[in-house]
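Visitor: What follows is a structure written as structure tokens; I'll ask about it next.
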Amino acid sequence: MPKTEAEFEDVSKLLGKPVSELKIKAKNLNEINPMMGHRGCRLAVTYPEIAKMQTRAIIEAAISVKKSKGFDIKAEIMIPLVCEIKELKYVKNIVVSTADEIIEKSGVKIEYSVGTMIEIPRAALLADEIATEAEFFSFGTNDLTQMTYGLSRDDAGKILNDYIDKHIFEVDPTARLDKSGVGSLVKMAAEKGRSVRPDIKLGICGEHGGDPSSITFCHDTGLSYVSCSPYRVPIARLAAAQAQIKNPRK
């Protein structure tokens, strides 16, 4: 979103629209609490062209790699912030129709799957419904923690230091996965997802994916992967290996 007069003028030239019109649009798009607002799949419901554009970028990149390098790419297209099966269906239809059209025109065979990020408690509660449309779940535990606790990760430090000092919380739940609360939602969603789609791919993304105790929980829950910041990858790999040794999985 442009902020300075120069940025507005640049966008104006690019789009061929007057600066005054762009400023009105920017004002209308402003939100008091963007973290709980117009983002994720909600943007695609309001602006379907965003989902089309992003799908095109993913599929065309996969086609380009296959043509130039010969690699077989299976793209995973994740629809974030879902809380209702109908919104997932709506956005998924856009993704599938766009992807299939591009693949057909290219003459290159590309496999892809469409899944969702489970980051709203309602999605975890209705995971069996959502799994009828989603081929994989990625648990967005950063947002799932925020929404379960009603805490903003960006502002929680002002509160959590007192809670930890006064032994109300043992650890910062934004840094280590809360197994009893947030973890229960993850377990429930995993079980509900598998009940409908036994081969559903499950994983988590976010900073919890680099915490050793959180990785052990994910392993024991039957998740197939974790994702985290690059600097945490060595710790995550070690923790995953230790979890496998302690509780072997095929």
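Visitor: How many of the residues in region 88-145 are more than 14 Å from the chain's Cα centre (by Cα), of a type in the set (D, E) and buried (at least 19 other Cβ atoms within 10 Å of the Cβ)?
Guide: 1
Residue by residue, here is whether (1) surrounded by 12 or more Cβ atoms within 10 Å (Cβ to Cβ); (2) not hydroxyl-bearing (S, T, Y) holds:
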| site | (1), (2) |
| --- | --- |
| A6 | no, yes |
| S12 | yes, no |
| L15 | no, yes |
| K23 | yes, yes |
| R42 | yes, yes |
| I50 | yes, yes |
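Visitor: Regarding I63, is this residue within 21 Å of A134 (Cα to Cα), touching a helix residue (DSSP H, G or I) at 6+ places or on another chain (Cβ under 9 Å), at pLDDT 90 or above and of a type in the set (V, I, T)?
Guide: No, not satisfied.
Visitor: Does K17 fit the bill of being farther than 28 Å from I77 by Cβ, part of a helix (DSSP H, G or I) and of a type in the set (K, R)?
Guide: No.
Visitor: Continuing with the same structure: Checking M188 against (1) part of a helix (DSSP H, G or I); (2) more than 23 Å from A131 (Cα to Cα), only one condition comes out false. Which one?
Guide: Of (1) part of a helix (DSSP H, G or I); (2) more than 23 Å from A131 (Cα to Cα), only one is false for M188: (2).
Visitor: Then there is this: Considering only helices (runs of 4 or more DSSP H) fully contained in region 113-166, which possess at least 2 residues that are in contact with a strand residue (DSSP E or B) (Cβ under 8 Å, 6 or more places away or on another chain) and hydrophobic (A, V, I, L, M, F, W, C)?
Guide: Those helices (runs of 4 or more DSSP H) span 121-125, 127-130.
Visitor: Do we have A62 as surrounded by 14 or more Cβ atoms within 10 Å (Cβ to Cβ), in contact with a strand residue (DSSP E or B) (Cβ under 6 Å, 6 or more places away or on another chain) and of a type in the set (A, V, I, L, M) here?
Guide: Taking the combined requirement at face value, the residue satisfies it.
The values are calculated or read from the model by the stated rules, or taken from the named source; none is laboratory data. What you see is a predicted model, and the numbers here were worked out from it, not measured in a lab. Please note: Cβ atoms are built from the backbone with ideal geometry, for glycine as well, and neighbour counts cover all protein chains shown.
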